[in-house]
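The values are calculated or read from the model by the stated rules, or taken from the named source; none is laboratory data. Keep in mind it's a predicted model, so treat the numbers as computed, not measured. We place every Cβ from the backbone using ideal geometry, glycine too, and count neighbours over all the protein chains shown. Remember, those area values only see protein heavy atoms, side chains included, never the ligands or the DNA or RNA. Shrake-Rupley method; radii C 1.70, N 1.55, O 1.52, S 1.80 Å.
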Amino acid sequence: MPFREAVKLALQSLWANKLRTTLTLIGVVMGVASVIMVITLVNGANRYVATKLSGYGADVFTVSRMASVIFNAQDYFRYQKRKIVRIEDYEAVRDDCTMCSEVGALLDKSTNVVANGHSSNNTEVRGYTWTMLSLNNINIALGRGLTPADEDHATHDAIVGYDIVDNLLGVGDPVGKEIRVNGNPYTIVGVGERQGKTLGQSQDNWVAVPISTYQQTYGYNDSVDIYARVAGNAQAMERAEDEVRVLMRIRRHDAPGTPDDFEIETNDTFLDIWKQISSLFASVVLGLASIALVVGGVVIMNIMLVSVTERTREIGVRKALGAKQRDVLLQFLIESATMAVTGGAIGVMCGILVGKLITIFIGFPTSVPVWAIFLGLFLAGAVGIFFGVYPASKAAKLDPVVALRAEM
């Protein structure tokens, strides 16, 4: 039988038994959809994280009291015992790091902002040195950024994100308008460019004030995060990190041979952490998807065994007319693979659709690589062939005389 004819017969068989086919393919559809959805979400998130981190630049590293990502309670309590990083540490790095081309410091917390009778909740108020807009890759859309004079004189000038403009200030030029941050008045001197959403959370709900003003308002006992930019190659980055490490260890009186009681992190550090998290997530979900594929394969095998029983007389007629074992084997393998690939195609569409819906409703980034589509179809076809071998082999080995005697 020609290959095209075998595929046509397989599709006719699927169409003739719609309910059975639907129930048979559920496992394959769920398995392939899970694979596609996970790859789509992880790939999209990887690209987003890489883009965001590259926006800060591969030439920026941070110094902080605690690591950005903490995996267990033991590490958390160990970090809590560390001394805070103070503004004087930032000033020492700024003045003494010869390899650093630009240094900044950051403090932040969540609070409420009030303007024109409207209020925003969970707005991030940031205490910035005047260099932090550049180090955080924030461009000014309206007005100006912070200046050294703002920092030196602890002015009540503020830079805001577009959520503050859209939700509190309304139409008109926001520059020069007054807002109250946690009850304290500030004058808007600039607006940062829109940054959109990450995982459904807006990145434009923030207010930046001079770090000196922040500390006068909220106190001097919060740990500062230090940002440093290095002009040069990877070797220059390593030398700068070593230079800052020595400066910090001397200031914090770390004994020789003891671990650092602060964290130095680069974009590569964040990327490695994210890849570990995403790989673990992908492994767990792909394991569950594999179970669904196996269940789907077992169901396909059972349905094919039923099909062999139902078509025993047909097999006998074909063999009596000269069909060889490999012809019958090939026919049933093609039917099994066609059934699985059909479920795989539906699963691919479902996986992509679910990924896109997640992007629309919660803002989680998605990206569908072409290879993932072919991988899904390949896995479905492989499952169909693997679990179709036994029924196909059983059909191929039927004695034509016994098969022709079978009742319809």
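Remark: spin-label model distance residue 9-residue 378 equals 3.0 nm, labels positioned 7 Å along the Cα→Cβ axis.
No disulfide-compatible partner, judged by a Cβ distance under 4.7 Å, exists for the following cysteines of the chain: 350. Note on region 66-213: with charges restricted to the Cβ of Lys and Arg (+1) and Asp and Glu (-1), its dipole about the Cα centre is near 540 debye.
Compared with the alpha-carbon gap, the fully stretched path from residue 361 to residue 81 is longer by 96.7 nm at 0.36 nm per residue.
Give a quick list of chymotrypsin sites (Phe, Trp or Tyr not before Pro) in region 160-249 that DSSP marks as loop, anything other than H, G, I, E or B, with at most 13 other Cβ atoms within 10 Å. Before the final figure, lay out each step's value.
On the way: sites: 162, 186, 206, 214, 218, 220, 227; in loops: 220.
Answer by residue number: 220.
Summing Cβ point charges (Lys, Arg +1; Asp, Glu -1) relative to the Cα centre of the chain gives a dipole of roughly 2760 debye. Can you show me the helix-derived [θ] at 222 nm for the chain, built from DSSP H runs with n ≥ 4 at -39,500 (n - 2.57) apiece and divided by the number of residues, rounded to the nearest 500. Helix contribution divided over all residues of the chain: -19000 deg cm²/dmol. Solvent-accessible area of the chain (1.4 angstrom probe, protein heavy atoms only): carbon and sulfur portion equals 60 percent.
For the chain, what is the accessible area per residue in Å² when the probe is 1.4 Å? Walk me through the intermediate numbers first.
On the way: 20900 Å² over 408 residues.
I get 51 Å² per residue for the chain.
When you filter the trypsin sites (Lys or Arg not before Pro) in region 91-143 for DSSP loop state and at most 10 other Cβ atoms inside 10 Å of their Cβ, nothing is left.
What net charge is computed for the residues neighbouring residue 174, neighbours being all others with C-beta under 14 Å from the C-beta of residue 174, Lys and Arg scored +1, Asp and Glu -1? Working shown, then result.
Values: positive: 144, 177, 194; negative: 157, 163, 166, 173, 178, 193, 204.
With Lys, Arg at +1 and Asp, Glu at -1, the net is -4.
Think of region 256-312 as a dipole: +1 on every Lys or Arg Cβ, -1 on every Asp or Glu Cβ, centred on the Cα centre; then among 292, 264, 274, 292 lies furthest on the positive end.
List the chymotrypsin sites (Phe, Trp or Tyr not before Pro) within region 366-400 that fall in a DSSP loop (any state other than H, G, I, E or B) and whose Cβ has at most 15 other Cβ atoms within 10 Å.
Working: sites: 371, 374, 378, 386, 387; in loops: none.
Loop-located and lightly packed - none at all.
In the chain the Cα-Cα distances spread across 20 Å bins starting at 0 as 21, 36, 22, 16, 5, 0 percent of all pairs.
Within the chain, which complete DSSP H helices have Cα atoms spanning at least 15 Å along the helix axis and a mean Kyte-Doolittle hydropathy of 1.0 or higher?
On the way: long enough: 3-16 (20 Å, 0.48); 18-56 (55 Å, 0.97); 234-252 (27 Å, -0.74); 267-310 (62 Å, 1.39); 325-362 (54 Å, 1.39); 370-396 (37 Å, 1.66).
The qualifying helices are 267-310, 325-362, 370-396.
Put simply, the amide H of residue 101, placed in the peptide plane, has neighbours under 5 Å in 229, 230, 231, leaving out anything fewer than 5 places away on its chain.
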